[in-house]
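The values are calculated or read from the model by the stated rules, or taken from the named source; none is laboratory data. All figures in this text were calculated on a predicted structure; none of them were measured in a lab. Cβ atoms come from the backbone with ideal geometry, glycine included; neighbour counts cover every protein chain shown.
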Amino acid sequence: MSDLRKHSSALQEKAGISPPEITNVTAINTIKFKRRQQPTSQQLIKDILNGNRTALSRAITLIESTNPDHFEKASEIIQGCLPYSNQSLRIGITGVPGVGKSTFIEAFGKQLTQLKKKVAVLAVDPSSSISHGSILGDKTRMEELVKDENAFIRPSASGETLGGVARKTRETIILCEAAGFDTIIIETVGVGQSETAVHSMVDFFLLLKISGAGDELQGIKRGIMEMADMIVINKADGDNIKKANLAKVEFNRALHLFPPKKSNLQPKVTTCSAITKEGISEIWNTISDYFELTNESGFFQEKRSDQNQFWMMETINEQLKRNFYNQPEIISLLEQNKKAVQNNEISPFAAAQNLLQLYFEKKF
């Protein structure tokens, strides 16, 4: 009777299968030991120059890190790879969300690898302003390209960086070039007309558009349209072909309203379908012709030189900012001034001036 009462409940716990005992302790310890090992900057540089993708990924992670302890090592890696960079074609690709950037890049990247090109895709995903997280799902969406031995895909979060790129995209380009990739594709977050940062680090800027979404009217506006070296109307397939051709005509008319570009080359407008691969090869032919013409005119090197000067100034600004916020005395006073500003005890401008004055007087 006592046994019956004991098991009368329908919720009974049954004995399960016990997990097997761990027998290979040596293997586990070996894995833990290797994880603790950190390769030196010289070893990473050597492996990158040999085309080791694991080393390339680890080096990019170091460069993107905000940990002050990683800064010196990252700088050594960049300096070591710099002499072997500058040997690629850099292509920036942007467009509003939903235009099909990832699908297009996969089709375009496969076209290039079939031509024996080595392609690195630096995909930048937007970070949430609330959770600060990012999906980083580009590898999943480019399932064919990610398996290509001549392609390397690196998704990065934009963080707080404006301009459609990640904080360290410029340095990542240098590492990819040193690893032997001759074509660098930068996919921006697609935030509309603020893609200025990516324009300052690429040789060719491609703007993806779709028809039937009111985008034709955007052609008469300045901003990102003036930066584009080529406009591609994507999703030109099925019943959408007629709309795409009409959009092509509208954009062609709009481009004639803009002043001539420094390259003296009129941006071209074309249509394509990333799904059917229609028009993809023609896009690469146009880009190849652009590089050939700008090399002959000297504009290609002139643009690279201007970009180097721009990124020198950006590097100075970034390091000054990092140095300011990493000073213990500034950190302490910054919190005090934040509270004072919140309580309306001091104006934001006066608080900022006090902190900057202290910084410059101390000469940290």
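Under 19 Å from S156 (Cβ atoms), modelled with pLDDT under 90 and outside any helix (DSSP H, G or I) - does that describe any residue in the range 69-81? Within the range 69-81 (the criterion being under 19 Å from S156 (Cβ atoms), modelled with pLDDT under 90 and outside any helix (DSSP H, G or I)), the answer is no, since none of the residues qualifies. Restricted to the range 112-166, and to residues that are surrounded by 15 or more Cβ atoms within 10 Å (Cβ to Cβ), hydrophobic (A, V, I, L, M, F, W, C) and more than 27 Å from I287 (Cα to Cα), which residue is modelled with the lowest pLDDT? The extreme case among them is L136.
Give the range 224-256 a look and list any residue that's among the acidic types (D, E) and touching a Leu at 6+ places or on another chain (Cβ under 8 Å), or say none. Let's see the steps before the verdict.
Kept after step one, since they are among the acidic types (D, E), are these residues of the range 224-256: 226, 229, 237, 239, 250.
Matches in the range 224-256: D229 only.
Residue check: S281 meets all listed conditions (1) under 17 Å from V99 (Cβ atoms); (2) at pLDDT 90 or above but one, namely (1).
Among the candidates N240, N234, N252, the residue that is closer than 14 Å to L206 by Cα, in contact (Cβ under 8 Å) with a residue 12 or more places away in the chain, assigned by TED's automatic domain parsing to the domain that holds P97 and surrounded by 14 or more Cβ atoms within 10 Å (Cβ to Cβ) is uniquely N234. Once the range 256-279 is narrowed to residues that are of a type in the set (A, V, I, L, M, F, W, C) and surrounded by fewer than 19 Cβ atoms within 10 Å (Cβ to Cβ), the residue that is farthest from G109 (Cα to Cα) is L257.
Return yes or no: is K248 more than 25 Å from the chain's Cα centre (by Cα), closer than 22 Å to S102 by Cα and of a type in the set (K, R)?
Yes: the conditions hold for K248.
Of everything in the range 82-102 that is within 20 Å of L145 (Cβ to Cβ) and polar (S, T, N, Q), the residue that is modelled with the highest pLDDT is S88. In the range 172-206, the qualifying residues are those that are within 20 Å of R141 (Cβ to Cβ) and assigned to a strand (DSSP E or B), and the one that is modelled with the lowest pLDDT is E187.
List pairs: first residue in the range 273-301 and on the phi > 0 side of the Ramachandran plot and assigned by TED's automatic domain parsing to the domain that holds M230, second residue of a type in the set (G, A, S) and surrounded by 18 or more Cβ atoms within 10 Å (Cβ to Cβ) anywhere in the structure, Cβ distance under 8 angstrom, at least six positions apart or on different chains. Short answer, once both residue conditions are applied: K277/A107; G279/A236; G279/S273.
Tell me, yes or no, whether the range 255-265 has at least one residue that is of a type in the set (F, W, Y) and within 28 Å of Q87 (Cα to Cα). No, that holds for no residue.
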